[in-house]
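Input: a single structure, listed below in structure tokens.
Every number in this text was worked out from the coordinates using simple rules, so none of it is lab data. Keep in mind that what you see is a predicted model, and the values were worked out from it rather than measured. For neighbour counting, all protein chains shown are included, and Cβ atoms are generated from backbone atoms with ideal geometry for every residue, glycine included.
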Amino acid sequence: MTPHRQPPAETFGKSLEDMVARMRPAGREIAGIGGDVDRRGLRAVLRAENAKWYPGVALFALEISGLLHGEAFGVLQPDIGRAFGIGPRFFSVLTVFSQVIALVVPLGVARLVQNRARRAMVTLISAGVWSVLTAGTALTATVGAVGAMLLLDEATTAANGTVGDALLIDSYPPRTRVRVVSALRAGGMVAGLGAPGLVFVLTEVAHLNWRGVFLVTAALTAVFFLVALGLRDPGYGRWDTARIQQRVRTSDGRPGAPAVAATHLSILEALRRIMAIRSMRLFLWAGLISAIASPVGTYLAFYYTDRFNLDAGARSLLQLATGVVGLVSLLTLSKLGDRIFQRSPRHMFTISAGLTIVGLVLSAAQVFAPNVTVLVVLAAAGAALTGLSGPAQTVGTMSIVPAPLRPHVGAVAALFSLGGTTAGTILLGGLTETISLPTAVVIVSVPSVIAAGVTMRAGRFVAGDIDRTIDEVVEATALAELRGSGRRLPVINCRSVDFAYGPVQVLFGVDFSVDHGEMVALLGVNGAGKSTLLRAISGLGIPQSGSIRLDGQDITFLDAERRAAMGISQIPGGHAVFKELSVVDNLRCYGYSLGRDRRRLDSAIDIAFDAFPRLAERRNQHAGTLSGGEQQMLALSKALMLRPKVLLIDELSLGLAPIVVGQLLDMVRRINRAGTAVVLVEQSVNVALSLARHAYFMERGRIRFDGPSDELRRDETLLRAVFLSEVAKEGAR
Ligand SMILES: Nc1ncnc2c1ncn2[C@@H]1O[C@H](COP(=O)(O)OP(=O)(O)OP(=O)(O)O)[C@@H](O)[C@H]1O
């Protein structure tokens, strides 16, 4: 017998959506947008929030450490080459490996830290390895060892880069983040200016050979490593996610609910989740487009060296002037950045991208500078304005992803910007062969202006995307609360699902739930979106927004294969069998998720043959040559074999004789009685309503009815619509 729904499960999805909507304003305020604009200074906010300076200081120490050893490796490469008799070819082969490492390591590290917050450990191990590597390089005697060290260095640098921003963001409250990120970037700029100076002093003033420089650098990186040694991972979403969870728990006066179990995503699933964020997609494309111009700096340095006859000293001064102006502008304007972000993330991106465009124009104008003074002014002003968008972008991108996926963002961004840099190197190389450098610089600056425009557009969606992360946290916590209070969660719960095929949206805010062991009818006119909803549940399609949960666990972005293993089976209308395969091979394919246990598979196949002797008689016949009814029996065998938690059936009875339909429905009842919840999409209203106590009615991608089947049976207006579409379908056949 179909179990009774627990009140108010009939509107479970709806009530959850109401709860999520109710908590959204509080969630926004916690996430640092909305509410009264916080005008306090950084120190005052950190004191009031009891946030410590140390994580920032430690991360700064690690940044200096990274810069120092990176600079030593970069500058001294030719000397190492000479010492071992290796030429540029050796290093260019290494570069290829380095690029592979730069792409692969971040993804692996992001996955590694997704399950447990161990980002501080990753960053400290990286820094420790740097010290050892730098010292090891000084003492090494073989070419192979040099190569291995350079590659290991690349891997640890990539690992550190993956977790750095996420660690910083999670260490500070949202209302201080633009300032904190800006301060760290400014510190990095200082170190960036100081590192070459140090290498210069060690080689030119102290006259150390490359081994000596590496030893001194190793000692310094070790000191910075020790400074950072107390760094601990603050935990995912320490200042946002955790606080929202806390707020949800206390909102109904039941503190101390069990922890919310997160769904761990594979790398591909995590990428899918990230790419589902509209503003993130735009940010990533903007990153790729703007990276096209990244080789410009090198060309410019050559250009103004020739044009104004600048020597190394003058070039360093130019760099120093640019750095100092950039630093001052970052530090003075970052407070404003925090305020604007709080008022409206969209404005923050409009302003920062607007300033970037002005900065780009000034930077490109360098090539027309009549003298060195104008060159310095243009370079400094350009760099200062374009530099402002960095922290805005970091805070924006980190705020729109769920906290455990923040390290993945760095990994994906690296992928995109590498594509842009490669394209830019090829493009600029080609352009400078055929046209003058000033024209080439102006041409290559155009993509950066376009990228700023794309960023501006991305900013429009940031607030909405932050809402989605808040909603997910509220929902997960609310469900954990409910479970903690003894309530059994629905086996399937869809909340506010939007789905589109390309630009055409077909589902709009669908709330849909199915209890354990329940049979539910999903009805509606043709094209209402019933099959699409089933596809979203089984993982054949990914919704643009909203969530899908199996037994409380978020499965919105999981692979279909994983969902099948978790207990969701689907019998798609019209093409449920592999027509080219024999009956028994079809059953073997269905049994894929049972694993490698041959005996288990064989006994599952026997169960199917016992239930449908007609299939047993035709075990070696091609499934495509079975009758329509036999094909549906074969399809239903999947549920008999796998005993899923939920069976999604799309149009079981379509085009079949009543007697065959009767047999199939008997089997559906049997499967349901054995504990499998069934969602029945049926063209025959009578069939569906006679089987299911609970019914949903869809129209144009929206749920129009959610309640007892008897009530729907009495709703003539809705049923007439289905009936008419049924007639139309029959007519079309
Ligand atoms: N792969 C696809 N690409 C583009 N549009 C699609 C795709 N599949 C379905 N659609 C469109 O999505 C809308 C919903 O289709 P869906 O099959 O989910 O409806 P349905 O309620 O199951 O209809 P029916 O009862 O006729 O099967 C329809 O307008 C359909 O044309």
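Please provide three numbers in whole Å: the alpha-carbon extents of region 536-672 along the principal axes, with the largest listed first.
45, 36, 28
Can you sort H347, H408, H207 so the residue with the fewest Cβ neighbours within 10 Å comes first?
Ascending number of Cβ neighbours within 10 Å: H207, H347, H408.
Expressed as a fraction of 2.2 N^0.38 Å, the rule-of-thumb size for a compact globular protein of N residues, what is the C-alpha radius of gyration of the chain? Spell out each step's value before the answer.
Details: Rg = 30.8 Å, N = 733, 2.2 N^0.38 = 27.0 Å.
Working it through for the chain, the quotient is 1.14.
Dipole of the chain, Cα-centred, from +1 at each Lys and Arg C-beta and -1 at each Asp and Glu C-beta, to the nearest 20 debye?
The dipole magnitude comes to about 1020 debye.
Defining a contact as two alpha carbons under 8 Å apart and six or more residues distant in sequence, what relative contact order in percent does region 35-470 show?
25 percent
Evaluate Rg over Rh across region 601-650, taking Cα atoms for both radii and Kirkwood's formula for Rh.
Values: Rg = 10.9 Å, Rh = 11.3 Å.
Rg divided by Rh gives 0.96.
Report the convex hull volume per residue for region 35-470, counting only C-alpha atoms, in Å³.
That works out to 147 Å³ per residue.
What is the pair-distance distribution P(r) of region 1-119, computed from all Cα-Cα distances in 10 Å bins starting at 0, with each bin given as a whole percent?
9, 16, 21, 20, 15, 11, 5, 2, 0
Mind ordering 184-194, 620-630, 211-221 by average Cβ neighbours within 10 Å, highest first?
On the way: 184-194: 18.5, 620-630: 15.5, 211-221: 20.3.
Descending mean neighbour count gives 211-221, 184-194, 620-630.
Figure the gain on full extension for A206 and V358 (residue separation times 0.36 nm, minus the Cα-Cα span) and round it to one decimal in nm.
That works out to 50.4 nm of additional length.
So for region 35-153, averaging the separation of alpha carbon pairs under 8 Å that are six or more residues apart and normalising by length, what relative contact order in percent results? Walk me through the numbers before you get to the answer.
On the way: 28 pairs, mean separation 36.8, N = 119.
Relative contact order of region 35-153: 31 percent.
Compute the length gained on full extension between V442 and D666: take 0.36 nm times their separation in residues and subtract their Cα-Cα distance, giving the result in nm to one decimal.
Contour length minus the Cα-Cα distance gives 73.3 nm.
Sort region 617-693 into rounded, prolate or oblate with this rule: let a ≥ b ≥ c be the square roots of the eigenvalues of the Cα gyration tensor; rounded if a/c is under 1.5, and if a/c is not under 1.5, prolate when a/b is larger than b/c, oblate otherwise.
Oblate, since a/c reaches 1.5 and b/c is not below a/b.
Hey, rough spin-label estimate for H622 and R599, points 7 angstrom out along Cα→Cβ, what's it come to in nanometres?
Result: 3.7 nm between the two label points.
Rank these for me by crowding, W285, W239, going from fewest to most other beta carbons within 10 Å.
If I rank by nearby Cβ atoms, fewest first, I get W285, W239.
Starting from one equal scatterer on each C-alpha and no solvent at all, send me the Debye-based log10 I(q)/I(0) for region 195-339 at q = 0.11, 0.19 Å⁻¹, two decimals.
-0.93, -1.27
Count charges around G136 for me, please; just the other residues with Cβ under 13 Å from its Cβ, Lys/Arg as +1, Asp/Glu as -1.
0
With everything on Cα atoms, drop me the angle between helix 658-673 and the longest principal axis of the chain, reported from 0 to 90° to the nearest 10.
Tilt of helix 658-673: around 60 degrees.
Between L103 and A657, what is the spin-label point distance in nm, taking each point 7 Å from the Cα along the Cα→C-beta axis?
5.8 nm
What is the diffusion coefficient of region 446-578 in µm²/s, taking the Kirkwood radius over Cα pairs and the Stokes-Einstein relation at 25 °C with a viscosity of 0.890 mPa s?
For these conditions, the coefficient is 146 µm²/s.
Quick check: pseudo-label points 7 Å beyond the Cα along Cα→Cβ at A44 and V132, how many nm apart are they?
Rounded to a tenth, the inter-label distance reads 4.7 nm.
Calculate how many DSSP beta bridges within the chain are antiparallel, expressed in % of all such bridges and rounded to the nearest 5.
For the chain, the DSSP antiparallel bridge percentage is about 55.
Compute the acute angle (0 to 90°) between the alpha-carbon long axis of helix 372-387 and the principal axis of greatest extent of the alpha-carbon atoms of the chain; round to the nearest 10°.
Long axis of 372-387 versus the principal axis of the chain: about 30 degrees.
Between beta-carbons, use under 12 Å as the cut-off and find the net charge around A270, counting Lys and Arg +1, Asp and Glu -1.
Net local charge, A270 excluded: +2.
Relative to the present Cα-Cα distance, how much length would full extension add between R700 and N686 at 0.36 nm per residue of separation?
2.9 nm
Would you work out the relative contact order for the chain, in percent, from Cα pairs under 8 angstrom that are 6 or more residues apart?
16 percent
Please work out the FRET efficiency for the pair S316 and S582, using the Cβ-Cβ distance as r and a Förster radius of 56 Å; give the result to the nearest 0.05.
After rounding to 0.05, the efficiency reads 0.15.
Between 0 and 90 degrees, rounded to the nearest ten: what's the tilt of helix 88-115 against the longest Cα principal axis of the chain?
On a 0 to 90 degree scale, this one is about 50.
Once you have a ≥ b ≥ c as the square roots of the Cα gyration tensor eigenvalues for region 550-598, tell me rounded if a/c is under 1.5, and otherwise prolate or oblate according to whether a/b is larger than b/c.
The shape class here is oblate.
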